[in-house]
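**Student:** Encoded as structure tokens, here's the structure I'll be asking about.
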Amino acid sequence: MQRRGSNHRLPSLLFRSRISYVMLAMFATMSAVYVAGRLWQDAQNRVYLIKELDRRTGKGHPAISVDDTLKVVACRNQHKRLAALEMELAAARQEGFIGRYTPETKGNHTRKRLMAVIGITTGFGQKNNRDAIRKTWLPTGVALTKLQEDKGIVVRFVVGRSANRGDSMDRDIDEENKNTKDFLILDDHVEASEELPKKMKLFFVHAADKWDAEFYAKVNDNIYVNIDGFGAMLASYMDKPRVYIGCMKSGEVFSELSHKWYEPEWWKFGDGKSYFRHASGEIFVISRALAQFISINRSILRTYAHDDVSAGSWFIGIDVKHVNEGKLCCSSWSSGSVCATV
């Protein structure tokens, strides 16, 4: 009995197995057809895209090779690096850590460096002094341009702005400059007698940024300068990269508030109350490296009550050649001098 039941179940199992195989085969066939269809469709899309690319570029070959692609990627990386460096450079300039002067080039030739930039400090009520200078030693018009082209010397009157920006004093200076074109106007400085040291510092900052010269000179507007003699004197110091030239002096530091030459920082100069050696403020000269030093460190260079003392203080702690030049002692006109008080 038991063997007969087993024989009856065997055909049934075989029949079910055949159905399963048929179903599996059908599923596999359908899957293969589906995958083949997708592959064919993708191939057709690729063919279409290649033809469309060829049609639009008008070429029968790829628009760009692998080597060209690598070159493009490298170029883009260089552009990104250049942009980053430009941002870093702009940030450094904003912080005052680099000079902003870039020599002009014409073709393959770089503009020749100037011999000197002379800044004549002046003020709103000193037009008579300026006119006297123009009539004596400062050329005007075309001659002023020729002075720069032929002798490499730039001369400008240096003035700031009025506390009431745009008032009649500002307008008078603008009008005068329109006619003479011999001003360096410090838009970031307010004219005031107590701000002369800051004005002097800003002159060197702007001059170093605007002109590339061997020397930079600060001159008062009551000083007569022999331009030819001045240029010849400077030529003798061309071999000294860091030089501070002037009529050197020192003097008493006045701590009395009522005194004309009162120094608010008097206590810094010791018990002897004597200034360190420095050039007279009537006229003094610094070399290119020192002007750049002032420009770079403008935000941390302290000014004292007087412009000559302030300038001298900046060069005490650095490797600078101090030159006591008798030709720049202008108090009295003497043989060999290149300046005199008017």
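Readers should treat all values here as calculations from the given coordinates under stated rules, not as data from a laboratory. On a predicted model such as this, the values are computed, not experimentally measured, just so you know. Cβ: placed from backbone, ideal geometry, glycine included. Neighbour counts: every protein chain shown.
**Student:** What distance in nm separates the two pseudo spin-label positions at Thr136 and Ser236, each 7 Å out from Cα along the beta-carbon direction?
**Tutor:** 2.3
**Student:** Using only Cα atoms, figure out Rg for the stretch 126-168 and give it as a multiple of 2.2 N^0.38 Å.
**Tutor:** It is 1.46.
**Student:** Still on this structure, I have one more. Here are some pairs, Lys135/Lys240; Lys210/Lys273; Lys210/Lys240; Lys178/Lys240; Lys127/Lys151; which of them have Cα atoms lying more than 29 Å apart in this structure?
**Tutor:** Listed pairs above 29 Å: Lys135/Lys240; Lys210/Lys273; Lys178/Lys240.
**Student:** Okay, moving on. Can you give me the long-range amide H partners of Val117? Hydrogens built in the peptide plane at 1.01 Å from N, cutoff under 5 Å, separation of 5 or more residues or another chain.
**Tutor:** Val154, Phe215, Tyr216, Ala217
**Student:** Using modelled backbone amide H atoms (1.01 Å from N, in-plane), which distant-in-sequence or interchain residues come within less than 5 Å of Ala305's amide H?
**Tutor:** Those lying under 5 Å, H to H, from Ala305 are Glu265.
**Student:** Given H placed 1.01 Å from N in the peptide plane, which residues other than close sequence neighbours of Glu282 have an amide H under 5 Å from its amide H?
**Tutor:** Correct list: empty.
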